[in-house]
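No lab work stands behind these numbers, since they all come straight from the coordinates. A quick note: this is a predicted structure, and the numbers were derived from the prediction, not measured. Here Cβ is always computed from backbone atoms with ideal geometry, including for glycine, and neighbour counts include all displayed protein chains.
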Amino acid sequence: MIKAVRGTRDLLPPDTALWNFVEATARDVFRAYNFQEIRTPIFEATELFARGVGEETDIVSKEMYTWWDAGQHPAIDLERSWREQYERNFDKLEIGERREPSLPIDFVAFKGDEVFLIELKYRGGAQVRQAIRQLISARNAWLHANPTSTKLRLILGTTVPQVEIAKSDVPPYIELQAVELPPDYDPPQSLTLRPENTAGVVRAYIQHKLWDRGLNKVYYIGPQFRRERPQKGRYRQFYQIGAEVIGPASAGSESPARDAEVLEMLATLLDRLGISDWNLELNSVGTPADRAQFNEALRKALEPVVGQMCDDCQRRAVTNPLRVFDCKVAEDQPIIERLPRITQFLSEDSRKHFADVQAILTMVGVPFSLNDRLVRGLDYYTRTAFEFTHGALGAQNAILGGGRYDGLSEALGGPAAPGIGFAIGEDRLVMSLQEKTPAESVLRKPDVYVAPMSGMDGEAARLARELRRHDLLIELGDASFRLKKSFEAATKVGAKYILIVGENEVQADAFALKNLATGEQVSVARGELAQKIQRG
Ligand code: HAM
């Protein structure tokens, strides 16, 4: 038997009714705050997450589903397409790094006494320059290693017309030839199933120049993927309901009013869903400038103790000391407890921003507690950071998390665009709802089971179609069922009424309608059926 992959699961009815209820409620609440839906692709260029979320985070360094698309290795895939297109031009073609590991080029090709160094990546604009530089240094290295080489030509594959290649970048003693690749050339690239959605939203913001719209308030609902160790409340495919506010500072994206509004919206949503015992934990992780000082202090504080910590922490202490706070190893916790906290390093501006957020939250009556250990597991956060926890969830008790990411757009090559957002773990949200609100309680049962007698399938379908137009929920049986079996089926699906469609009924244009709970049975004319059922 083929089973769902470890860490993934099927969501089955009736449980899906609870998921629908949560999503419908979220959409309602988001609408009231004037958020609109955005849908970004489920996979993106790996580089987006490496640069956005951060190489040193657990998510990027350990948990991503990444693959080369297509082929197993970029050079192998390139080789295939290159061979198909150009092989006849050469006597021999070899993958560059295989032949000369020190040469960072795609191919070495031979024809007579000529040697060609070939760089065949999909390139446009500024990348062409970089490619030329790489080719030139490869040529120099080649000549150094093969001093008897006579002719050595460089070939650059590009979709940019030859004229655009900056000739000034190529020394006169080098012959550079550009091979134009078809514009629809599909370059092999590293792709990743999205482990989160904020980077995708900010990429879309940059790609579509959404700053023209001022402040963007968007939400998303969908699957995310992380290769974590599965346990209760932790899956490899999980679902997030998230929202982001992003735009130029002139549109008010930096205002503490936005932070407070997002938090108040979350409190409203949780309350509306009937989740009462949540706890909002709040911190400020400062600006990059604040953090530079903090990192310094952390490095110093870690120096004498890091030797006693886990391997991950030893690495983090060097590369990104803030990530030490993500450590879950029990033995490391007493050490981490004694480390300096970011709150001690906040600038005056950051402090005021954080105080303003808190003041508004207090005014609107959203309770919170401060947690200066909360740094969040993603590198893009600045200033306000938060999590909502829920007691019933056990170890994986963070029902949602979020914060500001004022520098993310710039880190991804976009303009300055401060932003704030959150993502709810929908799996965990549904789990904490399940106790109080069983799926059955939000599931709408059929109003009517339409039971056709022998030969009456067509008439029954016609009647069902009429009733459904009145927004009634109809389960349509079939004429092969005897009456007793139809009654059993109607009871099993939880229908309120059973409607018998027999020859006599059709002739009279009035049908036997039986209330399955009370046993009351009446004959109702076709034209009055919908009304009678709706009145109950
Ligand atoms: P995050 O804290 O990594 O933040 O994830 C948000 C929520 O997703 C968590 O609080 C948790 O409920 C849920 N979650 C995470 N991993 C899993 C898993 N393996 N299984 C089940 N649930 C999980 C982010 O993703 C940020 N993009 C949030 C954000 C939006 N920050 C600013 N804007």
Convex hull volume per residue in cubic angstrom - Cα atoms of segment 319-396: 127 Å³
Convex hull per residue volume in Å³, alpha carbons only, for segment 296-438: 155 Å³
What is the extension gain from ALA461 to GLN36, computed as 0.36 nm multiplied by their sequence separation minus the C-alpha to C-alpha distance, in nm to one decimal? 149.1 nm
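Within 10 Å of each residue's Cβ, count the other Cβ atoms and sort THR192, THR66, THR382 from fewest upward.
Numbers: THR192 19, THR66 16, THR382 24.
In increasing order of surrounding Cβ atoms, one gets THR66, THR192, THR382.
Could you give the length gained on full extension between ARG227 and LYS532, defined as 0.36 nm per residue of separation minus the Cα-Cα distance, in nm? Intermediate results must be reported in sequence, preceding the final value.
Working: separation 305, 0.36 × 305 = 109.80 nm, distance 5.40 nm.
Taking ARG227 through LYS532 to full extension adds about 104.4 nm, to one decimal.
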Under 16 Å Cα-Cα from LYS492, which lysines qualify once same-chain neighbours fewer than 8 residues away are excluded? LYS445, LYS484, LYS514
Estimate the FRET efficiency between VAL364 and GLU114 by the formula 1/(1 + (r/R0)^6), using the beta-carbon distance for r and 60 Å for R0, to the nearest 0.05. 0.20
Alpha-carbon centroid distance for the pair segment 208-231 / segment 27-68, whole angstrom: 5 Å
Segment 409-478-segment 128-151 distance, computed between alpha-carbon centres (Å): 63 Å
Along the Cα→Cβ direction, 7 angstrom out, place labels at GLN130 and LYS484. What is the inter-label distance in nm? 7.7 nm
The chain: DSSP helices with Cα axial extent of at least 30 Å and average Kyte-Doolittle hydropathy no lower than -1.0: none
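What full-extension length gain, to one decimal in nm, is calculated for ALA24 and LEU339 as 0.36 nm per residue of separation minus the Cα-Cα distance? Don't skip to the answer; put the middle values down first.
Values: separation 315, 0.36 × 315 = 113.40 nm, distance 4.33 nm.
Full extension of this stretch gives 109.1 nm more.
Using the Kirkwood radius built from alpha carbon pairs, what does the Stokes-Einstein equation give as D for segment 390-536 at 10 °C and 1.306 mPa s, in µm² per second?
Here the translational diffusion coefficient equals 83 µm²/s.
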Could you state the number of Å between the C-alpha centres of segment 481-536 and segment 280-358? 68 Å
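Can you pull out the trypsin sites (Lys or Arg not before Pro) in segment 274-355 whose DSSP state is coil and whose Cβ has at most 13 other Cβ atoms within 10 Å? Provide the component values of the computation, followed by the final result.
On the way: sites: ARG291, ARG299, LYS300, ARG315, ARG316, ARG323, LYS328, ARG338, ARG341, ARG351, LYS352; in loops: LYS328, ARG338, ARG341.
Answer by residue number: LYS328, ARG338.
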With only alpha-carbon atoms counted, please give the Rg and Dmax of segment 183-325, in Å. 19.7, 56
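Normalised by the empirical 2.2 N^0.38 Å for globular proteins, what value does the Cα Rg of segment 268-378 take?
Working: Rg = 16.4 Å, N = 111, 2.2 N^0.38 = 13.2 Å.
That works out to 1.25 for segment 268-378.
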Spacing of the two label points (7 Å from each Cα toward its C-beta) at ARG469 and THR150, in nm: 8.8 nm
Working only with C-alpha atoms, what are the Rg and Dmax values of the chain, expressed in angstrom? 31.6, 103
Using a Cα-Cα cut-off of under 21 Å, which lysines could be cross-linked to LYS3, ignoring same-chain neighbours fewer than 8 residues away? LYS232
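Using the Cβ atoms and a cut-off under 15 Å, what net charge is assigned to the surroundings of ILE335, where Lys and Arg are +1 and Asp and Glu are -1? Show your work: numbers first, answer last.
Details: positive: ARG299, LYS300, ARG316, ARG323, LYS328, ARG338, ARG341, ARG373; negative: GLU303, ASP311, ASP312, ASP326, GLU331, ASP332, GLU337.
Net charge in that neighbourhood comes out at +1.
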Estimated FRET transfer efficiency (ASN515, VAL493; beta-carbon r; R0 25 Å; 0.05): 0.95
In straight Cα distance, which lysines are under 18 Å from LYS151, not counting same-chain residues fewer than 8 positions off? LYS92, LYS111
